[in-house]
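Asker: Structure below; questions to follow.
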Amino acid sequence: MKERTKNTLTLALGIALLPPIWAVLSPYIGVATGAVALICAGIYVANGNKLEDAMKITIGFLCGDIWSVLALKIMKILEWNQNLELFFTLFILGGMAVLIAKPMRKYVFLPAWLCGWAIGLTILTPIGLEKMGSMPIQVGISMIVGVWYVGVGVDKFQRFVLKLFA
């Protein structure tokens, strides 16, 4: 069997097996945002499955999660025209994320921060600040699971299976 075919089949098996386990188990541990893990795993994979970057990708996602809550709090405080609030908040926080992450690129992956912020805003905005409860924590858990269980886990699983059949 060709190397490329083996890689494709083992990756397909890993993707078919591991993410669905998380999807089934996540509601049982109180995490309603299980699908976030797939998005976060995608960023990890798009970065080349670099295990050495997994922690800074995780930190980036968690910064984005915090940023989404901060954005909603700022917009709640401002009481301006809704479009003006949105523009101002995104302008300031987006610029700050870049200015903070760039000199700390050894510890924080900026694309994950921005993606995590977008994920958080997408989930939290319709819920609203008053009713979000533990939702930011659930999003954060899914982000961590996405990088480590789905991203790193599928990569390790694939390598293990490839070694078994080498």
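Asker: Please go through (1) farther than 14 Å from F61 by Cβ; (2) open to solvent by less than 50 Å² (accessible area, probe 1.4 Å) for G140 and return the number of the only condition it doesn't satisfy.
Answerer: Among (1) farther than 14 Å from F61 by Cβ; (2) open to solvent by less than 50 Å² (accessible area, probe 1.4 Å), the lone unmet condition for G140 is (1).
Asker: Is there a residue in segment 79-88 that is open to solvent by less than 60 Å² (accessible area, probe 1.4 Å) and either closer than 30 Å to T8 by Cβ or without any contact (Cβ under 8 Å) to a residue 40 or more places away in the chain (or both)?
Answerer: In the first step, residues of segment 79-88 are kept if they are open to solvent by less than 60 Å² (accessible area, probe 1.4 Å); the result is 85.
If we keep only those that are either closer than 30 Å to T8 by Cβ or without any contact (Cβ under 8 Å) to a residue 40 or more places away in the chain (or both) as well, we get 85.
Yes, segment 79-88 has at least one match.
Asker: Which residues, taken from segment 87-139, are small (G, A, S) and touching a helix residue (DSSP H, G or I) at 6+ places or on another chain (Cβ under 6 Å)? It would help to see each step written out before you state the result.
Answerer: Just the residues of segment 87-139 that are small (G, A, S), to begin with: 94-95, 97, 101, 112, 116, 118, 120, 128, 133-134.
Listed by number, the residues that qualify are A97, A101, A112, G116, G120.
Asker: Same structure, new question: Given the condition of a type outside the set (G, A, S), part of a loop (DSSP other than H, G, I, E, B) and closer than 20 Å to V31 by Cβ, answer yes or no: does some residue in segment 132-144 qualify?
Answerer: yes
Asker: Tell me, yes or no, whether segment 60-74 has at least one residue that is among the hydrophobic types (A, V, I, L, M, F, W, C), surrounded by fewer than 19 Cβ atoms within 10 Å (Cβ to Cβ), touching a residue at least 12 places away in the same chain (Cβ under 8 Å) and touching a Ser or Thr at 6+ places or on another chain (Cβ under 6 Å).
Answerer: Yes, some residue in segment 60-74 is among the hydrophobic types (A, V, I, L, M, F, W, C), surrounded by fewer than 19 Cβ atoms within 10 Å (Cβ to Cβ), touching a residue at least 12 places away in the same chain (Cβ under 8 Å) and touching a Ser or Thr at 6+ places or on another chain (Cβ under 6 Å).
Asker: What residue, among those in segment 115-132 that are under 11 Å from the mean Cα position of the chain (by Cα) and more than 15 Å from V147 (Cβ to Cβ), is surrounded by the most Cβ atoms within 10 Å (Cβ to Cβ)?
Answerer: The initial filter retains those residues of segment 115-132 that are under 11 Å from the mean Cα position of the chain (by Cα), namely 115-120.
Now drop any that are not more than 15 Å from V147 (Cβ to Cβ), which leaves 117-118, 120.
Working: W117: 25, A118: 14, G120: 29.
Filtering segment 115-132 for residues that are under 11 Å from the mean Cα position of the chain (by Cα) and more than 15 Å from V147 (Cβ to Cβ), the one surrounded by the most Cβ atoms within 10 Å (Cβ to Cβ) comes out as G120.
Quick grid of which residues meet (1) in a loop (DSSP other than H, G, I, E, B); (2) among the charged types (D, E, K, R):
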site: C63; (1), (2): no, no
site: I66; (1), (2): no, no
site: K76; (1), (2): no, yes
site: W80; (1), (2): yes, no
site: F88; (1), (2): no, no
site: Y107; (1), (2): yes, no
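The values are calculated or read from the model by the stated rules, or taken from the named source; none is laboratory data. All figures in this text were calculated on a predicted structure; none of them were measured in a lab. No Cβ is skipped: glycine too gets one built from the backbone with ideal geometry, and neighbour counts run over all protein chains shown. The area values use the complete protein model at the heavy-atom level, side chains included, leaving out ligands, DNA and RNA. Shrake-Rupley method; radii C 1.70, N 1.55, O 1.52, S 1.80 Å.
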